[in-house]
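Notes to accompany the following structure.
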């Protein structure tokens, strides 16, 4: 047992469903293990401004099912400077905070790692992002919920896809990675899935749509990840397809930020609860500079610098499954 | 009692949630009243092609909760010609169909009215459209469901609206009318609602957003009906706001066709069931050229030409409610 | 204009979805019209205990989509005594509250009416109950949401009703009235709907189930309102049917309080918003002892004693629609 | 490569969400790999009756998002006899079916294993059950969806849990295993979770509820697995608690078969798609008597007799997480 008596917790970067469940878990595990817990508002920004609030077991009642984050989130330029981090450190020390749990993604972890190096301050990360692009965990917090949000939206679109010769293009999140597009695409039964990791060209898309039509499908759904480069953007791609396929009428949906919100799925809530327990326990065991993850349904720890450097690869097997399913 | 022995039913134009429930109701009411019922596929197109199928009570099992339409829908140019309508009429007569129930919107009713005038063929309309722009009924079939779809999407967006200085623009359906935008906007607690019926100019939008921010709101949601003319389109409007409001980050969602699909709400299912009964009974009572509607929770009939000509006005009281709510 | 400067608002009795939206509307309308608004916690109980809190426009942010009530609700025996009401009155006067808006049902309105008579204190009611059993409004706040909750549950049950010879009994709320059962029953496509207003006997249920089976249905869903007297309770009824129908396997669901919760439907949110505006405006116009309701899509006022005495009748047309649909 | 040219597929036992997605995957993988696929209706019953239907890629359009099973399911006594199985075998041979994929649980796999032993007929199983009680796979098909259904129901119940001194007992599925209760309990933030694997006695429940109240919780939710033996049943347990806790008002929900239905989650759809591909490919590679499962996010194979004999244990870590969370 080490000397940790007061743990800070905050959310940082783009929010994701399950962040509140993770906050609740950290707070309640602290209460259970009789260490104090301090909520830090708006991530590193609030750390720099000293925007802290003590949190007891009852302060996180009825949030497990809420999207967003009660601690707010923000991106913070100032924390990228040595001066900013020094202010943050001074505030933490002044408040008697001995360690923190950061819930966020890549960028948030980088900040935590640098902070740890500079001040030898114990930090543990919980991967909260819908993008599922963190190494060291099979699933990030919020990914499962985002997938359900996307397939529910596409299910509704498919209902109306009864007329002939209609194509639906649906843009989903994923600037650098196609995990949402690929998984939700398989889940929604999409005919085509366009992801940043693979750019097979616009001609191939046309061919595929042609084949799809010849195989007797009266309508098709194409999932386009935000960061896909098949077209300049989804609207330009729509124009290209309509120009080359005059009998097709292409309709576009841009799902946007609804993918980041919504009540978390049971999976994300359970994952958040498990991760929060592990994060606090690890800090109390004197561990630091680690990220909590899930692998083979076990909660594990990964050095935070590996979580940052590594990037999950797109799943080749799932691409193949998608190809087979869209026959 | 008149001589109607066989009733055709079809869906036409853009589909809407509740169309299947209406088909089911027409089919089962026919079965109950011991007249035959024939499903006509793909609207007027199927009528011209003779794409008919007898439907019994069991053929509509388990569809009340399904979005879309099992009879498919289509828009049909050929029915706008005398020749097309003659073919359709010949097919109906050949199949022994004495009357039909058309489930659709404005354009579909116009077709039915002309057909009735030319061939003295009994027709009754059921207003199936998410736009709620039909005179003679307080609610069209599908409007209630579409509103729920929109507010659920915006609820998720609002969850993530925790960071400062963020604006969300959400495009909803409504080329000519703002009923979806206004009702869903009030239901979702939108700060601004831009509809085709009112164009107060882009400057007013900026002012309102400024006021909203000054009143302590950290984020705002703006609903933009498809047909709104405040900007050229939602992306151009985004650029305008960002140009004039440099500290704002505007995110866009285009909900698109998910608004036309989805499992119908209980209200739409009950409405469809009641309308289907009334449609069949009215035909059997010798009535024709009417649209079934709901007013003051009673099922009523309106001459179909009034339903077409009239257009529901935007609700001034609701605009005022919206203004008050977004204080 | 009269002298009302400070309005209290509270929720009372069983809660219903949309109560938060109504609170928000009352609070924001007060802010808009520049009168103060005081939230009273736990209904009449909090009034007696002086559990008050000033509410400004921002204090009701992000609640329009939440089930339950942020002001809590309670049933209060003490308010039934003269002494209790005197305490409540003294607290209101001490806090400078000139009038109140009560959001609740029958019992809550009776309390308000007596209070008004005793102290000549201005009161307006908003009908918040899922039961839809208030005279003077076509729909009570929460009814629409509760119906959607029930049909969504039954839709899932129906999915699994694929094996032969299986009956599902589903108990829904409604101790004295069958509005939920009847509407959700039609919406869910139930084969039988048992309501307190009609007791046709257990034999008729057996016959109907037999007919249903003979007509080719492999499974049937029976909705049973809580207050139905066909059996002693739903489990006794299950035993009776299984005894008389040995080849049937009856499965029971008791939906319970999930019907009172959940995010309100768009309809309930809009209704709540409109009712709240009208309630505050009416008080400011010097009106009192009235209930806000909706009729023919217009917000209207009804003397509160009529709302209490009258009870909505079960809709005979809808019973007929249900009979036809379950052919 | 072996000689398999025609593969049968069926669902058996209690249905679960994702079965349709699995059927679709088997059918489309067959189409993709150019082997024939035959749908067998109503499980072993249909096999005995020869209720077969050829299935092509288009015959499984638009089912990935549907609960239930388009091939129907049944329990079949006759297949437990040698004569029944002989009939089934004769029918398969007569139809030219070389192998089958069975989607179901424990009992269905036992049938398949015996059938394989008797007739040396190639069989592969896909674990379709909401109970998650199959060895050789971290998740069974439908478990994830069932968990979401339960937590959504309890979320609604929690909304209304605003009054003091109210307890909610919610019965969930699980006759022999508590996986649904435990996971959904953690996901829903339940205060107590009663499962068949642990019977700590009724006294401990009382104590826990007392502690919960003393810790400041105004309401509590208790999840009770069907097979829990703390009380004789949930209603008897309710009476016991009310007798010993006179100031508590206990409300009961019995969720029942809604847990088996509903549109599958994205996770279950992707899992089903992956499993179906693996099942067909394994048969074509000459493998037999195996069950497809998922472990560490990889699709793996387990001897079907191990899948049957083994039973997943309740997760001690998760019980601990639950204890910590309900502080």
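Rule-based calculations on the coordinates, nothing more; no lab input. Everything numeric here is computed off the predicted structure, so don't read it as measured data. Glycine also receives a Cβ, built like all others from the backbone with ideal geometry; neighbour counts cover every protein chain displayed.
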**Report entry** Normalised contact order of segment D:33-173, rounded percent, pairs of Cα under 8 Å and 6 or more residues apart
**Finding:** 15 percent
Query raised in the report: Once both axes come from the Cα atoms, what is the angle between helix D:143-159 and the longest principal axis of chain D, in degrees from 0 to 90, rounded to 10?
Result: 30 degrees
Query raised in the report: Could you give the angle, 0 to 90 degrees to the nearest 10, between helix A:106-119's Cα long axis and the longest principal axis of the Cα atoms of chain A?
Result: 20 degrees
Query - Label point at residue C:218 placed 7 Å out along Cα→Cβ; residues across segment D:15-44 whose backbone nitrogen lies under 19 Å - result: D:15-24, D:38-44
**Report entry** Alpha carbon centroid spacing (whole Å) that separates segment B:158-227 from segment A:56-85
**Finding:** 26 Å
Query raised in the report: Which chain D residue sits with its beta carbon nearest the axis carrying D onto A, and how many Å away is it, rounded to a whole number?
Result: D:296, 2
Requested in this report: Report the paramagnetic label zone for residue D:313: residues of segment D:113-135 whose backbone N is under 15 Å from a point 7 Å from Cα along the Cα-to-Cβ axis.
Outcome: D:135
Requested in this report: Name the shape class, rounded, prolate or oblate, that the alpha-carbon gyration tensor gives for segment C:143-260, where a ≥ b ≥ c are the square roots of its eigenvalues, rounded holds for a/c under 1.5, and otherwise prolate holds if a/b is larger than b/c and oblate otherwise.
Outcome: oblate
Report task. Classify the protein assembly as shown as rounded, prolate or oblate from the Cα gyration tensor: take a ≥ b ≥ c as the square roots of its eigenvalues, call it rounded if a/c is under 1.5, otherwise prolate when a/b beats b/c and oblate if not. Result -> rounded
Requested in this report: Once the label point is placed 7 Å from Cα along Cβ, list for residue A:211 the distances to the corresponding points in the other copies, in nm, shortest first.
Outcome: 5.5, 5.7, 6.1
Query raised in the report: For chain A, what proportion of DSSP beta bridges, expressed in % and rounded to the nearest 5, is antiparallel?
Result: 20 percent
Query raised in the report: At what distance in nm do the modelled label points of residue D:306 and residue C:229 sit from each other, each positioned 7 Å from its Cα along Cα→Cβ?
Result: 6.3 nm
**Report entry** Overall form of segment D:265-309 per C-alpha gyration tensor (a/c, 1.5; a/b vs b/c)
**Finding:** oblate
Query raised in the report: What are the label-to-label distances in nm, one decimal and shortest first, from residue B:90 to the same spot in the other copies, with labels 7 Å along Cα to Cβ?
Result: 5.4, 9.1, 9.2
Report summary line: So for R0 = 51 Å, FRET eff. of residue A:204-residue B:114 from the Cβ-Cβ r, to 0.05, ends up at 0.65
Requested in this report: Quick one: work out the % antiparallel among DSSP beta bridges in the protein assembly as shown, nearest 5.
Outcome: 20 percent
Query raised in the report: Scattering from the C-alpha atoms of chain D alone, worked out with Debye: what is log10 I(q)/I(0) at q = 0.09, 0.11, 0.13, 0.16 1/Å?
Result: -0.51, -0.70, -0.89, -1.17
Report task. Report relative contact order for segment A:143-260 in percent, whole number only (criteria: Cα-Cα under 8 Å, sequence separation at least 6). Result -> 38 percent
Query raised in the report: Taking the Cα atoms only, what angle lies between the long axis of helix C:202-214 and the longest principal axis of chain C, rounded to 10 degrees?
Result: 60 degrees
Query - Pseudo-label separations to other copies for residue D:53 - Cα-to-Cβ vector, 7 Å, nm - result: 1.2, 5.7, 5.7
Report summary line: Dividing the mean separation of Cα pairs under 8 Å (6+ apart) by the residue count of segment C:103-178 yields a relative contact order in percent of 22 percent
